[in-house]
Each structure stands twice: as C-alpha cells, then as structure tokens.
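The block underneath contains the structure these notes are about, expressed in structure tokens.
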Amino acid sequence: MVYQRHRRGQNPGVGKLKWAGWRVLVHSLRTAVVAVASLLVARLFRLPASYWAPITTLVVTQSSLGAALTVSWQRFIGTILGAVVGGLVASFFPSNPLIFGACVFILGLLCALTRSDHPAYRFGGMTVAIVLLIPRTEPAWQIAFHRFAEVSIGLGVALIFAWAWPEREGAHAGK
C-alpha cells in the first residue's frame, strides 16, 4: 500500500503513516485503463508487435494534456524519422554494426535538421534499432510501418485519455 508520512505538528498522530487515498487509486486505474485501451486498439489493427502501443502509452501518459502533447510530438517525430531511415536502409543493406551506426549518425543529423529535441533522437534511435537489428521475415518497410503504426496508436490513445480523463495536479509522486 502507498502511505504518506505526516510531519510533526500537522497531525495529532505524530510519526504515523496514513494511506494516500483516492489519488493513488484513480491514478493507478487511469494508467491501467489507458494501457489496456491502447493494447486493444493495436490488436484490433492486428499489428504483430501490439505491445509497443501500450509501452508508448505508458511512456507518454502525463499529468496534463500539455505535457503529454510535448512528449508525444517528440516521440512521433523520432519514430517517423527512425522508421524512414531504418526502413530505407534495411531494404537495401544487410544488418551489421557499421550500417546500424551510420543510421544512428544520420538520424542525429536529421533530428538536428528538423530542430527536434534529444527525446526525438532517442525515440528515433530505438526505432532504427528495432527495424535494423531484430531478425524478421517480412520486408523492412513493413517492419518500419508497423513500428510507426504501433507507436502512433499508443500516442493517440494516450492523448485522447489525457484530454478526456485529465489527471489532477499533484496526483502522483515525482511531480
């Protein structure tokens, strides 16, 4: 269970712990619902790695719509750049460490060219690694497209829930 410690003088039960209450329950419920919704939407589209949608949703779920929009935009830009670079290169070259390194380098230049932040580069690098380094039987462009679709579904579901079911300020620790 999650508890909060009261400071001296704030509560007659000095040093006692009190259950944090509804904030934790609502935050946990909201997070679980949005993650499951994202997974179900990805499965509806029969995406082969549908687990990436809820992973993305969990990464971008924030306490406010504004924060979710910012991280979602960076993840979207990085993923599309990574999918394009990875898909194009994997269509013409076999996977090897030098090709992978060159793609990560090119991705960094593209992120700078598009004036994207470091999170976009980080997310794009993850996409390049998935497209280039995971063994596959499908064409590279299809892997790249699936990765883009899975992440886009996760972003879309997270943003819809951030708008429709906003989290109250200070609802979870670390904010």
Residue satisfying condition, being within 28 Å of Val33 (Cα to Cα), modelled with pLDDT of 95 or more, β-branched (Val, Ile, Thr) and out of contact with any Gly (no Cβ under 9 Å at 6 or more places or on another chain), within set Ile77, Ile153, Ile160, Ile99: Ile153
Pick from the range 28-52 the residues that are part of a loop (DSSP other than H, G, I, E, B) and of a type in the set (A, V, I, L, M, F, W, C): which of them is nearest to Pro166 (Cα to Cα)? Phe45
Given the structure, is Arg136 basic (Lys, Arg) and within 30 Å of Trp22 (Cβ to Cβ)? no
Is there a residue in the range 91-105 that is in contact (Cβ under 8 Å) with a residue 12 or more places away in the chain, closer than 18 Å to Trp141 by Cβ and touching a Pro at 6+ places or on another chain (Cβ under 9 Å)? yes
Output for the range 14-32, where each listed residue is of a type in the set (A, V, I, L, M) and either modelled with pLDDT of 95 or more or over 16 Å from the mean Cα position of the chain (by Cα) (or both): Val14, Leu17, Ala20, Val24, Leu25, Val26, Leu29
Residue in the range 54-71 that is modelled with the highest pLDDT, counting only those that are in contact with a Phe, Trp or Tyr (Cβ under 9 Å, 6 or more places away or on another chain) and hydrophobic (A, V, I, L, M, F, W, C): Val59
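The values are calculated or read from the model by the stated rules, or taken from the named source; none is laboratory data. The structure presented is a predicted model; accordingly, all values stated were derived computationally and were not measured. Cβ sites come from the backbone with ideal geometry, for glycine too, and all protein chains shown count toward neighbours.
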